[in-house]
Amino acid sequence: MPRLDLVVASHDALLELARKRFKVASDAVNAQRILQLEDKKFAAGEHWDAGIKKQREEDGRPCLTIDRLKPQIKQVTNQQRKMRPAIQVNAVDNAADPKTAEVLQGMVRHIENQSDADDAYDQAGKDQTEIGQGWWKYCTEYLDDKTGNQKIVCDRIRNPFSVYDDPAALRRDRSDRRFLFETCWLEREEFKARYPKATL
């Protein structure tokens, strides 16, 4: 059985490493995210500068918005819906079994169908079209509280700004990343309910 002080030290070291890496990731994308947020607002129809809009409203002048961007976004996202990404399992060498690959392919299709993966892919495609970056995730969920059995699901990430990737990753598919963070906001009461032993 491991010594308690070693376990605590390893947890502390892990948290310290996570904090350092998160700071590296957030510092690397802060300037880019300001521009992406402006793009997101513009795509939502907020084309007027806040100060100019307020002044015009005080003067009783109209603030017309002729949204020519939304049809272009729709054109791209509609094409994405026609060619959604999908996982393909292939038997690639002599040691591979095509029947096993076929079974795994069926399992993947079942996971995608049961978790409405199309919704996740569409959300990521829309975000990518609007701000140049979109995400979805594969994770596990408990089936019930008694057995501890889990299922794999494909889930959408509604807020693309909640993900912080390793800025040092160079490959196009990001397979050389060392870390990736997904953040979320919790009310203090909810945090205490979820993690009663945690210190704030």
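Are any residues in region 39-67 within 14 Å of Gln133 (Cβ to Cβ) and open to solvent by 60 Å² or more (accessible area, probe 1.4 Å), and if so, which ones? Outline the logic, then answer.
The initial filter retains those residues of region 39-67 that are within 14 Å of Gln133 (Cβ to Cβ), namely 39-40, 43.
Within region 39-67, Asp39 is the sole residue that qualifies.
Could you tell me which residue of region 169-200 is farthest from Tyr121 (Cα to Cα), considering only residues that are in contact (Cβ under 8 Å) with a residue 60 or more places away in the chain and open to solvent by less than 100 Å² (accessible area, probe 1.4 Å)? Full working, then the answer.
We begin by selecting, within region 169-200, every residue in contact (Cβ under 8 Å) with a residue 60 or more places away in the chain; these are 178-179, 181.
Subsequent filtering for residues that are open to solvent by less than 100 Å² (accessible area, probe 1.4 Å) retains 179, 181.
Working: Phe179: 22, Phe181: 19 Å.
Ranking the qualifying residues of region 169-200, first place goes to Phe179.
Just give me the residues in region 144-167 being under 25 Å from Arg33 (Cβ atoms), without any contact (Cβ under 8 Å) to a residue 40 or more places away in the chain, open to solvent by 50 Å² or more (accessible area, probe 1.4 Å) and part of a loop (DSSP other than H, G, I, E, B), in sequence order. Of everything in region 144-167, those that are under 25 Å from Arg33 (Cβ atoms), without any contact (Cβ under 8 Å) to a residue 40 or more places away in the chain, open to solvent by 50 Å² or more (accessible area, probe 1.4 Å) and part of a loop (DSSP other than H, G, I, E, B) turn out to be Arg158, Asn159.
Against the condition open to solvent by less than 40 Å² (accessible area, probe 1.4 Å), in contact (Cβ under 8 Å) with a residue 60 or more places away in the chain and within 21 Å of the chain's Cα centre (by Cα), how does Ile111 come out, does it pass?
no
The values are calculated or read from the model by the stated rules, or taken from the named source; none is laboratory data. Quick caveat, the model's predicted, so the values are computed rather than measured. All Cβ positions, glycine included, derive from the backbone under ideal geometry; neighbour counts span all protein chains shown. Accessible surface areas use protein heavy atoms only, side chains included; no ligands, DNA or RNA. Shrake-Rupley method; radii C 1.70, N 1.55, O 1.52, S 1.80 Å.
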